[in-house]
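**Student:** Take this structure, written in structure tokens, and hold onto it; I'll ask about it next.
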Amino acid sequence: MERLEDAIDMLSRLVAFDTVSSKSNLPLIDFVEAYLREQEVRFVRAPNASGDKAALFITVGPDADGGVILSGHTDVVPVTGQDWSGDPFTLRRDDKRLYGRGAVDMKGFDAACLAMIPEFKAARLSRPIHILLSYDEETTCLGPLDVIARFGADLPRPSAVIVGEPTSMEVADAHKSVATYVTRVRGFEIHSANLHRGVSAVHVACRLVCELERLGEALRAAGDPSGRFDPPFSTIHVGVIQGGTARNIVAKDCEFQWEFRALPGAPPNFAYDRLEDYCEELRRTIFVGFPGAGVETATEIQVPGLAPQPGSEAETLALRLARRNATIAVPYATEAGQFQRAGVAAVVCGPGRIDQAHQPDEYIDIAELAACLELLRGLAQQLRA
């Protein structure tokens, strides 16, 4: 019970930092580093290129390869426009729940890991436990890459990673990849009474969106051979479209933002390549004779999926610690795919329910936080000398 209260106190402190992805996380990192100095624990700060954000790589136990990383992110999604019943950055508590932005996604896991450091130290570990706190997970999932690149160089190379995104303490060994794009159409502007003498960027964009919808329906029909995902197919979604100047002007510009979430094993560039094939047809037809008219698609982010690795140390260890008999798959992307792509086995397992994430009055059940602490306690016992 004492450790649970420590975790709740730590969560209260972490929630108090407004670490929406558009802002710096350095005040939070400074706070955690001060705590680590008090605990006499080693850590390495890995700043981003602009220096306004940083990841933190923490080590308890021997300075050796073969450890286990507990991976969490420090950034949260915005609260703007959401109807909160209290201050999102002040942790509130009732009999069963803890409320605040990031409580479940995923400062609850971060707080549990940090609160367990005294027990990790007391366990006299034979293999290290690392805690990795990243940034920009909610926007790019690129936050841990600078740390990952140093594995086996000036940082020890781990043998397993547990990413603590909320899974209700189930063990997920698979998730979809995600790629996001912006497609920009340049038309030929003219008075709408002379529509035939121009090219409407809005009309062309609508054709492209319809092509993506047709492709999405084909992916839905193809389904998920594994039968593990919900929804059981790769998905395409157009989230934002904007363009045009006035009702009576043939639109010169239009752009739309879209995403492709692919099942493990599916080519991550599949949707982009198919849309580009369709765009090439348009370049040979409707854009001909109109100087400057055309269409281009830019890739914004690409987050790798997580593919099952049956029998990996990450899977075996997490199933044992979580007391589960089987793994699950989740439809959202995490940083786990980044570790797997670097050759380190990874799973996703953390406290709370994903449907509480990104919501007003976001919360984590206290019982879930307690269950996470038990898993972490078991990890220390597993790795002790």
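The values are calculated or read from the model by the stated rules, or taken from the named source; none is laboratory data. Keep in mind that what you see is a predicted model, and the values were worked out from it rather than measured. When we count neighbours, we look across all protein chains shown, and the Cβ atoms used for this are built from the backbone with ideal geometry, even at glycine.
**Student:** Can you name every residue in the stretch 88-116 that is in a loop (DSSP other than H, G, I, E, B) and surrounded by 14 or more Cβ atoms within 10 Å (Cβ to Cβ)?
**Tutor:** Keep residues of the stretch 88-116 that are in a loop (DSSP other than H, G, I, E, B), which gives 88-91, 94-96, 100-102, 116.
Hits for the stretch 88-116 are PRO88, PHE89, LEU91, GLY100, ARG101, GLY102, MET116.
**Student:** A further question on this structure: Go through the stretch 334-356 residue by residue and tally those that are assigned to a loop (DSSP other than H, G, I, E, B) and crowded, with 21+ Cβ neighbours inside 10 Å.
**Tutor:** So the count comes out to 6.
**Student:** Moving to a separate point now. Which numbered condition trips up LEU14, out of (1) in a loop (DSSP other than H, G, I, E, B); (2) in contact with a Lys or Arg (Cβ under 6 Å, 6 or more places away or on another chain); (3) not polar (S, T, N, Q)?
**Tutor:** Just one mismatch for LEU14, condition (1).
**Student:** Go through (1) buried (at least 20 other Cβ atoms within 10 Å of the Cβ); (2) at pLDDT below 95 for ARG384 and report which single condition fails.
**Tutor:** With (1) buried (at least 20 other Cβ atoms within 10 Å of the Cβ); (2) at pLDDT below 95 applied to ARG384, the lone miss is (1).
Yes or no, residue by residue, for (1) modelled with pLDDT of 95 or more; (2) under 23 Å from SER24 (Cα atoms); (3) in contact with a helix residue (DSSP H, G or I) (Cβ under 9 Å, 6 or more places away or on another chain):
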{"residue": "ASP95", "(1), (2), (3)": "no, no, yes"}
{"residue": "MET106", "(1), (2), (3)": "yes, yes, no"}
{"residue": "ASP110", "(1), (2), (3)": "yes, yes, yes"}
{"residue": "LEU132", "(1), (2), (3)": "yes, yes, yes"}
{"residue": "ASP146", "(1), (2), (3)": "yes, yes, no"}
{"residue": "PRO156", "(1), (2), (3)": "yes, no, no"}
{"residue": "GLY164", "(1), (2), (3)": "yes, yes, yes"}
{"residue": "GLU170", "(1), (2), (3)": "yes, no, yes"}
{"residue": "VAL178", "(1), (2), (3)": "yes, no, no"}
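**Student:** Looking at the stretch 117-128, is at least one residue in contact (Cβ under 8 Å) with a residue 12 or more places away in the chain and part of a strand (DSSP E or B)?
**Tutor:** The answer is yes; a qualifying residue exists.
**Student:** May I pose another question? Quick one: how many residues across the stretch 169-188 are buried (at least 20 other Cβ atoms within 10 Å of the Cβ) and part of a loop (DSSP other than H, G, I, E, B)?
**Tutor:** 4
**Student:** Cβ contacts < 7 Å: first residue of a type in the set (S, T, N, Q), restricted to the stretch 288-310; second residue in a strand (DSSP E or B), any location; separation 6+ or different chain. Result?
**Tutor:** As it stands, the answer is THR297/TYR181; THR297/THR183; THR299/ALA179; THR299/TYR181; GLN302/ALA179; GLN309/ASP173; GLN309/ALA345, since those pairs meet every condition given.
**Student:** Identify all residues within the stretch 294-307 that are buried (at least 18 other Cβ atoms within 10 Å of the Cβ) and not in a strand (DSSP E or B); write none if there are none.
**Tutor:** Passing the criteria: PRO304, GLY305.
**Student:** In the stretch 17-26, which residue that is in contact (Cβ under 8 Å) with a residue 40 or more places away in the chain and crowded, with 17+ Cβ neighbours inside 10 Å is nearest to ASP136 (Cα to Cα)? Working first, answer last.
**Tutor:** Of the stretch 17-26, the ones in contact (Cβ under 8 Å) with a residue 40 or more places away in the chain are 17-22, 25.
Those still in the list that are crowded, with 17+ Cβ neighbours inside 10 Å too: 17-21, 25.
Working: PHE17: 15, ASP18: 13, THR19: 10, VAL20: 9, SER21: 6, ASN25: 9 Å.
Checked the stretch 17-26; the qualifying residue nearest to ASP136 (Cα to Cα) is SER21.
**Student:** Just need a number here: residues in the stretch 47-76 that are assigned to a loop (DSSP other than H, G, I, E, B) and not small (Gly, Ala, Ser).
**Tutor:** The number of residues fulfilling the criteria is 8.
**Student:** Would you confirm whether or not the stretch 309-319 contains a residue that is within 22 Å of CYS141 (Cα to Cα), touching a helix residue (DSSP H, G or I) at 6+ places or on another chain (Cβ under 7 Å) and either modelled with pLDDT of 95 or more or part of a loop (DSSP other than H, G, I, E, B) (or both)?
**Tutor:** Yes.
**Student:** Got at least one residue in the stretch 197-213 being at pLDDT below 95 and assigned to a helix (DSSP H, G or I)?
**Tutor:** yes
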